[in-house]
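Asks: Pasting in a structure now, in structure tokens, and then I'll have a few things to ask.
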Number of protein chains: 2
Amino acid sequence: MKTNRPPSGIDRRTLVSGLAALPALPGALFATSVRAQTTQSEALPSWNDGAAKQAILDFVRATTDQASAKFVPIDERIATFDQDGTLWVEHPIYTQVVYCLDRVPAVVAERPELKQREPFATVLSGDREAMAKFSLQDLEAILAATLTGMSVDDFEAQASKWLATAKHSRWDRLYTDLVYQPMLEVLHYLRDNAYQTYIVTGGGQDFVRVYSQRVYGIPPEQVVGTMGGTKFGYDKDGKPFLTKEPKLLLNDDNAGKPEGIHLMIGRRPYAAFGNSTGDRQMLEYTGGGAGARLMMLVLHDDAQREYAYGPAQGLPDTKIGAFPQSLFDEARGNGWTVISMKNDWKQIFVFE
Amino acid sequence: MKTNRPPSGIDRRTLVSGLAALPALPGALFATSVRAQTTQSEALPSWNDGAAKQAILDFVRATTDQASAKFVPIDERIATFDQDGTLWVEHPIYTQVVYCLDRVPAVVAERPELKQREPFATVLSGDREAMAKFSLQDLEAILAATLTGMSVDDFEAQASKWLATAKHSRWDRLYTDLVYQPMLEVLHYLRDNAYQTYIVTGGGQDFVRVYSQRVYGIPPEQVVGTMGGTKFGYDKDGKPFLTKEPKLLLNDDNAGKPEGIHLMIGRRPYAAFGNSTGDRQMLEYTGGGAGARLMMLVLHDDAQREYAYGPAQGLPDTKIGAFPQSLFDEARGNGWTVISMKNDWKQIFVFE
């Protein structure tokens, strides 16, 4: 199923980028017409014709046609998707980090002893420049204070409430609106073809689970993320509950992604989608299996409609979602497909 | 859905134990007739009529009937099952421990430095009485040497090979034959009613995954067990693989069961089945949710057809699978249902 076109096809496809100006499709994300058996010609309507779209169609055809030598039994059809930068916007800062920063005032209200203590004092000051200089240790202190110490039910309620109102400043839209329509179509198309679609994210597993069903149609048990421990106990009425503990079980990024996949799924995926070095090992692990395998990387090369960053292909080097030239070269060498947001996607967001 | 009959109903049901002598049903476990929509009157054919069977039927009726106040949406239908002593035989010793002991000679052949070292020397001597005196530390050394240090693929091959030939001495049968037919019927009946059925075992997650699909119809991603870490790396040809590490992530027993359920599933079960104190917290956690919840405990009270141990109800006290009177009393107090193997099950094993 590997495409014969090298990733440099991206440059050639700029010739047809005018297609991006086509009117957006009506966006009923979970409409029956999308969920029912989608034919190949109807599939992926927000994708321009090209190597990326074709790689997806070819993979699905090869693995679902019983007559194909690359047929994959339904039980084994597993596809994994990074979230930040692959399914939704990750710039200028990961959504979950925004959540944690926004959550600090409520935590300090409950624990006043933190008010004068760093890094909390800086967060409360609202000094964005000072926050940008936080060390990893500072960030970990903020994550621990805002993501642990409460019951799993309380955490879900807190995150749900925030997600219902917090907005991305550039689009003035809820974060859960900033989901890529073409990737939702891939999720639906794969599920229509009996693939189980998993999120495999460096973000917190419990955070993503709060909205994964509603936003992506992915249930909590199919979210693999950075995992913290919980502690079983009883409330004052003797009712059992779980408390989120500041104990890291698995950092689901880089090599942690295939490790998390084994832990949570126990099988090697047949398809994997990412957008940065954090996804490299997941794609390598996926590609290491026999038969047809689909490995794809989203390249953010559309500053006008979203963001442009690499530094592959001379795009700006940013701290979030690094896509270095070495990853681009590995993709080319291994037959992975690079998706150009600018050229492969007619529409970027679900709300367009 | 809670039954009004107290667990003491078990004693009354000894009156109808003659039903156990009825001829066994033809045992095509995965026959279409079982998997297709099973009516309530056809369900659970290996169960005698009584409080236990009725509790299962009532629970399924209440949670799947849209007109019921206790209706549960399909997405949320989660049922969890302990394995050892709940789905298959756990006496006289857990199957996985037998595997680890049997595996020692092969490990020593690869690592001769272990040959003279304890506890390996004792295992090689075959002295069962000395082995029975192993400390927890001894057992951990054996588990680490036989369950870790190899690739996940090699481990699966080793365990598969052993399972294909190793036999339980009492029945001279493969361990995977020593599965309880009535519990397989519960798994099928719940799945027929759109429940996801998970194993939640103190046993090793990767060990149970080797045979869970074949034996229980439960795929690897629905096996929650004691979890070890893996390490991503590359072989000499640059091919990526995972090595099983001697790093415990979660001991999926006692309080670890609800913690493992949250980690792997992210939802509270509506039904949970166990047979010992190791399952207590899982049943408490399940029962702590709103609406209809089904909590059941298998009591091994049939020395003739299987084993009899408690010490609840005056049964012998054994080290494996303790069911103390305190658990029996908690079941009675919380409306959990105790299953009497002797009285509730017409047939014990799938091969009868």
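The values are calculated or read from the model by the stated rules, or taken from the named source; none is laboratory data. All figures in this text were calculated on a predicted structure; none of them were measured in a lab. Every residue, glycine among them, receives a Cβ derived from its backbone with ideal geometry; neighbour counts consider all protein chains shown. Protein only, heavy atoms only, side chains kept; ligands, DNA and RNA dropped before computing areas. Shrake-Rupley method; radii C 1.70, N 1.55, O 1.52, S 1.80 Å.
Asks: Exactly one condition in (1) out of contact with any strand residue (DSSP E or B) (no Cβ under 8 Å at 6 or more places or on another chain); (2) at the interface with chain A (Cβ under 10 Å from one of its Cβ atoms) is false for B:ALA290; which is it?
Replies: For B:ALA290, the failing item is (2).
Asks: Test A:LEU263 against the criterion of being under 20 Å from A:GLN222 (Cβ atoms), out of contact with any Phe, Trp or Tyr (no Cβ under 7 Å at 6 or more places or on another chain) and surrounded by fewer than 24 Cβ atoms within 10 Å (Cβ to Cβ), and give yes or no.
Replies: Considered against the rule, which asks whether it is under 20 Å from A:GLN222 (Cβ atoms), out of contact with any Phe, Trp or Tyr (no Cβ under 7 Å at 6 or more places or on another chain) and surrounded by fewer than 24 Cβ atoms within 10 Å (Cβ to Cβ), A:LEU263 comes out as no.
Asks: Still on this model: Pairs please, first residue from region B:181-195 and more than 16 Å from B:ASP58 (Cα to Cα), second anywhere and surrounded by 21 or more Cβ atoms within 10 Å (Cβ to Cβ) and acidic (Asp, Glu), Cβ atoms under 9 Å, 6+ apart in sequence or on different chains.
Replies: Going by the 9 Å Cβ cut-off, the qualifying pairs are B:PRO182/B:ASP344.
Asks: Residues of region A:170-218 being more than 20 Å from A:PRO269 (Cβ to Cβ), within 14 Å of another protein chain (Cβ to nearest Cβ) and either modelled with pLDDT under 95 or open to solvent by 10 Å² or more (accessible area, probe 1.4 Å) (or both), which ones?
Replies: Listed by number, the residues that qualify are A:GLY204, A:ASP206, A:VAL210, A:GLN213, A:ARG214.
Asks: Related question: Determine, yes or no, whether A:VAL60 is assigned to a helix (DSSP H, G or I) and modelled with pLDDT of 95 or more.
Replies: Yes.
Asks: With the structure loaded, tell me whether A:PRO316 is open to solvent by less than 10 Å² (accessible area, probe 1.4 Å), assigned to a loop (DSSP other than H, G, I, E, B), at negative phi and more than 10 Å from chain B (Cβ to nearest Cβ) or whether it fails that test.
Replies: It is false that A:PRO316 is open to solvent by less than 10 Å² (accessible area, probe 1.4 Å), assigned to a loop (DSSP other than H, G, I, E, B), at negative phi and more than 10 Å from chain B (Cβ to nearest Cβ).
Asks: Which of the residues belonging to region B:94-125 are without any contact (Cβ under 8 Å) to a residue 40 or more places away in the chain and within 25 Å of B:GLY321 (Cβ to Cβ)?
Replies: Within region B:94-125, B:PRO119, B:THR122, B:VAL123 meet the criteria.
Asks: Quick check on B:ARG128: is it surrounded by 13 or more Cβ atoms within 10 Å (Cβ to Cβ) and basic (Lys, Arg)?
Replies: So B:ARG128 does not fit the description; no.
Asks: Still on this structure, please answer the following. Scanning region A:129-153 for residues that are β-branched (Val, Ile, Thr) and more than 14 Å from every other protein chain (Cβ to nearest Cβ), which turns out nearest to A:TYR234 (Cα to Cα)?
Replies: A:THR146
Asks: Continuing with the same structure: Among the numbered criteria (1) within 30 Å of B:GLY217 (Cβ to Cβ); (2) surrounded by fewer than 15 Cβ atoms within 10 Å (Cβ to Cβ); (3) not acidic (Asp, Glu), which single criterion is violated by B:GLN137?
Replies: Result: B:GLN137 fails condition (1) only.
Asks: A further question follows. Is it fair to say B:ARG280 is open to solvent by 30 Å² or more (accessible area, probe 1.4 Å) and closer than 30 Å to B:VAL152 by Cβ?
Replies: no
Asks: Another one. I need a count of the residues in region B:226-247 that are more than 8 Å from chain A (Cβ to nearest Cβ), open to solvent by less than 70 Å² (accessible area, probe 1.4 Å) and either in contact (Cβ under 8 Å) with a residue 60 or more places away in the chain or of a type in the set (Lys, Arg) (or both).
Replies: Of the residues in that region, 4 qualify.
Asks: When only residues in region B:248-271 that are touching a residue at least 24 places away in the same chain (Cβ under 8 Å) and small (Gly, Ala, Ser) count, which is nearest to B:GLN205 (Cα to Cα)?
Replies: The qualifying residue nearest to B:GLN205 (Cα to Cα) is B:GLY260.
Asks: Determine whether A:ASP253 is surrounded by fewer than 24 Cβ atoms within 10 Å (Cβ to Cβ), under 24 Å from B:GLY229 (Cβ atoms), more than 10 Å from chain B (Cβ to nearest Cβ) and at pLDDT 95 or above.
Replies: It is true that A:ASP253 is surrounded by fewer than 24 Cβ atoms within 10 Å (Cβ to Cβ), under 24 Å from B:GLY229 (Cβ atoms), more than 10 Å from chain B (Cβ to nearest Cβ) and at pLDDT 95 or above.
Asks: Scan B:VAL72, B:VAL104 and give me the residue that is at pLDDT 95 or above, surrounded by 17 or more Cβ atoms within 10 Å (Cβ to Cβ), in contact with a Phe, Trp or Tyr (Cβ under 7 Å, 6 or more places away or on another chain) and assigned to a loop (DSSP other than H, G, I, E, B).
Replies: Being at pLDDT 95 or above, surrounded by 17 or more Cβ atoms within 10 Å (Cβ to Cβ), in contact with a Phe, Trp or Tyr (Cβ under 7 Å, 6 or more places away or on another chain) and assigned to a loop (DSSP other than H, G, I, E, B) holds for just one of B:VAL72, B:VAL104, which is B:VAL72.
Asks: Now for a separate question. Which of the residues belonging to region B:126-146 are of a type outside the set (Asp, Glu) and touching a residue at least 12 places away in the same chain (Cβ under 8 Å)?
Replies: Across region B:126-146, the qualifying residues are B:MET131, B:PHE134, B:LEU139, B:ALA141, B:ILE142, B:LEU143, B:ALA144, B:ALA145, B:THR146.
Asks: Follow-up. Taking only region B:268-282 into account, find how many residues are over 14 Å from B:GLY85 (Cβ atoms) and within 10 Å of another protein chain (Cβ to nearest Cβ).
Replies: Counting residues in region B:268-282 that are over 14 Å from B:GLY85 (Cβ atoms) and within 10 Å of another protein chain (Cβ to nearest Cβ) gives 2.
Asks: Next up: Say we look at region A:71-89 and pick out the residues that are touching a residue at least 24 places away in the same chain (Cβ under 8 Å) and charged (D, E, K, R); which of these is nearest to A:ARG267 (Cα to Cα)?
Replies: So, considering only residues that are touching a residue at least 24 places away in the same chain (Cβ under 8 Å) and charged (D, E, K, R), the one nearest to A:ARG267 (Cα to Cα) is A:GLU76.
Asks: Here's something else I'd like to know. Taking region B:283-313, which residues are under 27 Å from B:GLU352 (Cα atoms), open to solvent by 20 Å² or more (accessible area, probe 1.4 Å) and not polar (S, T, N, Q)?
Replies: If the condition is that a residue be under 27 Å from B:GLU352 (Cα atoms), open to solvent by 20 Å² or more (accessible area, probe 1.4 Å) and not polar (S, T, N, Q), then B:ASP301, B:ALA303, B:ARG305, B:TYR307, B:ALA308 are the ones that fit.
Asks: Here is a further query. Only one of (1) at pLDDT 95 or above; (2) open to solvent by 20 Å² or more (accessible area, probe 1.4 Å); (3) acidic (Asp, Glu) fails for A:GLU90. Which number is that?
Replies: Just one mismatch for A:GLU90, condition (2).
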